[in-house]
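Here, each number is a calculation from the coordinates, and none is a lab measurement. Because the structure is a prediction, the values reported are computed rather than measured. Because the Cβ atoms are built from the backbone with ideal geometry, glycine has one as well, and the counts that use them run over all protein chains shown.
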Amino acid sequence: MPDLLSPALIMIVAAMAIGPAKGHLRTAVLLLAPLITLWAIWQVPDGVQGTVKFLSYNVEPVEGSALRRLFATVFALMVFVGGLYAFRLARWYELAAAYAYAAGAIGVCFAGDLIVLFLYWELMALFSTVVVWCGGTPAARAAGIRYAIMHLLGGVVLKVGIEGVLISTGSIEIRPLLATDFSTWMILCGILINAAAPPVSAWLADAYPEASPTGSVFLSAFTTKTAVLVLILLFPGEPVLIGVGLFMVVYGIVYALLENDIRRILAYSIVNQVGFMVCAVGIGTELALNGAAAHAFAHIIYKALLFMSAGVVIYRTGKTRCTELGGLYRTMPVTTICCIIGALAISSFPLTSGFTTKSLISLAAANEQMVWVYMTLTAASAGVFLHAGIKFPWFVFFQRDSGMRPKDAPWNMAAAMIIFAALCILLGVAPQWLYPFLPYPIEYEAYTAGKVVFYLQLLLFSGLAFFILLPLMKRTETISLDVDWLWRRAAPWLLQQGSRGLQPLLVFSASTWQSLEALSKRMAVNYLGQPETADSEERGLFARSWPIGATALWIAILLSAYVFIYYTD
Amino acid sequence: MDLTPHLPALQVVVPMLAAPLIVLLKPRGLAWAGATAVAMLSFCIAIAMTIDVLQGKVFTYQMGGWAAPYGIELSVDAFSAVLLLVVSGAGALGMLAAHASVDQQIELERQPLFYSAWLLAMAGLIGIVVSADAFNIFVFMEISSLASYVLIAGGPDRRALPSVFKYLIMGTIGATFYLIGVGLVYMMTGTLNLADMEVRIQEVTELNPLLVAAGFITIGLALKAAVFPLHVWLPNAYTHAPHMVTMFLAACGTKVAIYVLIRFDFLVFQSALPGHSTQFASFLMPLAILGIVVASAVAVFEGHLKRLLGTSSVAQIGYIVLGASFLSAAGLSASVTHIFNHALAKGGLFLAVACLACHYRDLRLSQLAGAAKTMPWTAAALVICGLSLIGVPGTAGFISKWLLINAAMAQDNYSVLLVAVILLSSLMAVAYVWRIVETLYFGSTDNVAADGATDIIREAPLPLLLVTWLVALANIGFGFFPQLPISLSSGAASVLLGQLP
């Protein structure tokens, strides 16, 4: 029976205990639970650990493999360091939600079949929404509901896909699929929504920066990376993913370069980095999948590190925009150094974790003779250095002096950052410690002279470009528009503009749109009612209490219809 | 003496005979205690029978020892067991929780009458479920309806009177239609016993009266069950009824009518009338879909908490009818499971509403802003039941939505449309449940006229809160261990489909 208990359950218990526990006991729960989970993760042997009957299916709550343990390990590590970072600042319900959210992610890692996977998947969606809400501002609340709708939509799409696969094949096994029919496409779409793939990438940069400084550290780690894991498990070598991944890579860079809010820069660069992994899953060779897994491992660490340093800055200064910050290195040396290490790692600078993992993906593309993929990924590496590697630390810690002299990070936050910074360098210096845990055996020498020189050139030139173009890169007070703006504002506007341009031909199109909009509003009021209608006021047609006569009429109509249908048959 | 064979009779007789006695218990609290004891006993009987039914037993009982076609027969199979659990469970748990809420809403001297009417409504609903005889179903339907009119009008809200009048008129039309239908069938077959009817109806050659009978019975019961667009009596009746009554009726009132509708149609008409099954499906499926979409949309825009939940009930009834209209074992068992699970979710929600009503007289959403701060436990229970209503994994609601989507995808025609409808309405459910959560947790408390301060914790009375949490936890429990409703509902499906070729 203990075989059937997923390590995720430890985290769930911890999440429930956080509320009642007080003081030092709570701290102990926060710090020990992830470590116990980590231990439990390494006790899970390979293969399916037995089945349980749920509904009429034999579900497999726990299945181990090298890949699953790798992801679960980094998740548990993330919870530990995140808990250390957050425990003095965050409120208990935010921590409880974050732990439950992490439990969902770890549960997905060990899910042996699609149903268990879906259960944990929704657990993640639910509690990550709560983490967003814990931002506590009206903007966080609004972003939270958009986030929730997007993820519940992703959830139902995934659910339909799973049920479709279940009905057509009779199996709920997790096994490599190809997107060939309606159900598998639905599964793929459901997962890609969580991976922040186009056209819905915007949810990520919309929601994560609205969470609290501590909340966004947790958010940065789990949702997209579980999506990557599930893609590796379900859709290795699915060609669609290469295109999707490349789009995400470019999208993330462009928007991160345009962005002014520091956490939004980091959020867009998550999309960019996940794009690398999605692309690697699409390539689908053993080397590529190793690259995706290794890169996810490294990415969680340096991205959390960057979010932590951004969190410290926001916590100490209360400012979130590049234009309002600058010159903080004077009083925040620890944060600055940790941030630079994270920034170098995300830019895959030699001797950091990004270098030893991302180069696996590029090599996989090169081995498959995918010239365009290789070129784009390489160019993107330079772009990453521009936006996350230089831009973020430069504008926050150097640049002009903003006059602020905030204190450096509190001890626990500093400790958390130092742990992750050390890991970034450790994985960069000694990648041979990570490689044995990758899903497939690997013979790879990260540091050859040619490669190091090549990457250094790439990075130094893009760094040069940054400083030459600095006047152009100066952050203005902008709020960049994202794809979600398209569906929220631009589509109506374009329709209006377009029709204005073609005046004589489409003269009524603009007015049609306006009248359509007015009509739908009027329809809502007339038929459904308004949210604040009191009892006595006018109500919508369907919300109104119809007179008895109207119902009598309906009765007559339905009875006649019933008999009539019969006679026509 | 072994009481087991007599359980079907006791199930009805105990609450029915206790009802008049309760009226005599004048001293304060005694009527409640007596009624609770009776309701709990009735729940225990239902559980005892369910245990036997789960082992494959079917109870049949001849009243007074008179043999079936002539005497009155009672029977309990898997399908009835689900309904018995729901009705007696809602009645018993409601009674257990009711004391504080009823004290608040109903004058002391009328309380014994109220409790007595409660037991009568319960006895009536139970009677409908256990009767194996078309005419007795009508009699019990009248008993339960009359008692529930009294219950709904029994509260302090004067607006309940016009609502209950409308309910009364429509309920009477519904019952009359049912009776006309039964009369027509009796004319052609000469029997009222359902099992006997099934056999004799095969020999009927003139089918037109049967066809009209099917029309009358379907429409009459659809009216009672609040199937769209015959649902108009429901939101107002639920809104203005005393809170505990709303909870009781929302959990089981309409479902019993659906039970009769499904049972009558599958057991009697589908075997006798050629092509009737397609007729049943093509008539009810559009109504179910319209009900799901329109009622969910209305609920999204509704501003009164009780009417919002009542409107959502119309949508949920749509799910139940939709499952039945698939005419497949998967669809029927999804439907029956949803009867059970929706009773849990909606019952829990209305219990939480009753908790809220202890401190908030006005249940418009705008007046409930920030209620989670004063009543954190109530709000948390409401969120759990709300998640179950949406169908989030780990709750009971997930199970029935899962089964329903499964059944829809196995349909040959329209499966994509059906799935789209279920998904769309799930998202609308997210929207209206979200509006409640948003108000409770994030609403600004500036314009709220609660009784007393809005920043200290003042929870509902403990018994009410405990029962609310019991139901909320049951929502989670049946989400992880759905064996009971599933095995009963698949039993029900095979009973119903056993009659079809």
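Would you list, by chain and number, the lysines whose Cα falls below 27 Å from the Cα of A:Lys391, excluding same-chain residues fewer than 8 positions away?
In chain and number order, the partners are A:Lys225, A:Lys303, A:Lys319, A:Lys358, A:Lys407, A:Lys451, A:Lys474.
If you only keep lysine pairs separated by 8 or more in sequence, or across chains, how many in chain B come under 14 Å at the Cα atoms?
Values: B:Lys166/B:Lys224; B:Lys224/B:Lys255; B:Lys255/B:Lys346; B:Lys306/B:Lys346.
Step by step, the pairs that qualify in chain B add up to 4.
If you wrap a convex hull around the alpha carbons of region B:301-501, what volume per residue comes out, as a whole number of Å³?
Working: hull volume 21.3 nm³, N = 201.
In region B:301-501, the Cα convex hull volume per residue is 106 Å³.
Taking the 0 to 90 degree range and rounding to the nearest ten, how far is the long axis of helix A:503-523 tilted relative to the main principal axis of chain A, both from C-alpha atoms?
Compared with the principal axis, the helix lies near 80 degrees.
Would you mind giving the average projected area, over all directions, of the Cα convex hull of region A:238-479 in nm² with one decimal? All intermediate terms of the calculation are to be shown ahead of the outcome.
On the way: hull surface 49.5 nm².
About 12.4 nm², averaged over all directions.
How high is the relative contact order of region A:238-479, in percent, counting Cα pairs under 8 Å that sit 6 or more residues apart?
Working: 387 pairs, mean separation 65.0, N = 242.
Across region A:238-479, relative contact order equals 27 percent.
With runs of 4+ DSSP H residues as the only contributors, calculate the mean residue ellipticity of chain B at 222 nm using -39,500 (n - 2.57) per run, divided by the residue total and rounded to the nearest 500. Let's see the in-between values first.
Details: 19 runs with 365 residues, N = 501.
Only helices count here, giving -25000 deg cm²/dmol.
Take chain A, mark every one of the trypsin sites (Lys or Arg not before Pro) that falls in a DSSP loop and has at most 15 other Cβ within 10 Å, then report the longest stretch left between them, sites excluded. Before the final figure, lay out the partial values.
On the way: sites that count: A:Lys22, A:Arg88, A:Arg91, A:Arg400, A:Lys407, A:Lys474.
Result, exposed sites excluded: A:92-399.
At 222 nm, what value in deg cm²/dmol follows for chain A if DSSP H runs of at least 4 each add -39500 (n - 2.57) and the sum is divided by all its residues, to the nearest 500?
On the way: 23 runs with 378 residues, N = 569.
Estimated from H runs of four or more residues: -22000 deg cm²/dmol.
Give the residue list of chymotrypsin sites (Phe, Trp or Tyr not before Pro) in region B:122-211 that are DSSP loop and have at most 12 other beta-carbon atoms within 10 angstrom.
Working: sites: B:Phe135, B:Phe138, B:Phe140, B:Tyr149, B:Phe165, B:Tyr167, B:Phe177, B:Tyr178, B:Tyr186; in loops: none.
The qualifying sites: there are none.
Could you state the angle between the C-alpha long axis of helix A:333-346 and the longest principal axis of the C-alpha atoms of chain A, as a value from 0 to 90 degrees rounded to the nearest 10?
Here the helix axis deviates by roughly 70 degrees.
Please report the Cα spread of region B:126-206 along all three principal axes, rounded to whole Å, starting with the longest.
For region B:126-206, the Cα spread along each principal axis is 54, 24, 11 Å.
Kindly express, to the nearest 10 degrees and within the range 0 to 90, the angle between helix A:8-18's C-alpha long axis and the longest C-alpha principal axis of chain A.
In chain A, helix A:8-18 runs at an angle near 80 degrees to the longest axis.
Counting only C-alpha contacts under 8 Å and six or more residues apart, can you give the relative contact order of chain B as a whole percent? Let's see the in-between values first.
Details: 887 pairs, mean separation 77.0, N = 501.
Relative contact order of chain B: 15 percent.
For region A:71-175, run through the chymotrypsin sites (Phe, Trp or Tyr not before Pro) and keep only the ones in DSSP coil with at most 13 other Cβ atoms within 10 Å of their Cβ. It would help to have the intermediate numbers written out before the result.
Values: sites: A:Phe71, A:Phe75, A:Phe80, A:Tyr85, A:Phe87, A:Trp92, A:Tyr93, A:Tyr99, A:Tyr101, A:Phe110, A:Phe118, A:Tyr120, A:Trp121, A:Phe127, A:Trp133, A:Tyr147; in loops: A:Phe87.
For chymotrypsin sites (Phe, Trp or Tyr not before Pro) across region A:71-175 that sit outside H, G, I, E and B with at most 13 neighbouring Cβ atoms in 10 Å, the list is empty.
Apply the Kirkwood formula to chain B: the hydrodynamic radius equals the inverse of the mean of 1/r over all pairs of different alpha-carbon atoms; give it in Å with one decimal.
Values: mean 1/r = 0.0443 Å⁻¹.
Evaluated over chain B, this radius sits at 22.5 Å.
Among the trypsin sites (Lys or Arg not before Pro) in region B:341-408, which ones are in a DSSP loop with at most 16 other Cβ atoms within 10 Å of the Cβ? Mind listing them? Write down the numbers at each step before the final one.
Details: sites: B:Lys346, B:Arg361, B:Arg364, B:Lys373, B:Lys401; in loops: B:Arg361.
Taking region B:341-408 and a limit of 16 other Cβ atoms within 10 Å, the loop trypsin sites (Lys or Arg not before Pro) found are B:Arg361.
Restricting to Cα pairs below 8 Å that are 6+ residues apart, what does the relative contact order work out to for region B:88-195? Please round to a whole percent.
Details: 81 pairs, mean separation 28.9, N = 108.
The value is 27 percent.
From the gyration tensor of the Cα coordinates in the protein assembly as shown, what semi-axes in whole Å does the equivalent ellipsoid have, largest first, with each one equal to sqrt(5λ)? Write out the running numbers ahead of the final one.
Values: eigenvalues 658, 181, 161 Å².
For the protein assembly as shown, the semi-axes come out at 57, 30, 28 Å.
Is the shape of chain A best called rounded, prolate or oblate, per the rule: a/c under 1.5 gives rounded, else a/b larger than b/c gives prolate, else oblate, with a ≥ b ≥ c the square roots of the Cα gyration tensor eigenvalues? It would help to have the intermediate numbers written out before the result.
Details: a/c = 1.57, a/b = 1.33, b/c = 1.18.
It is prolate, given that a/c is not under 1.5 and a/b is the larger ratio.
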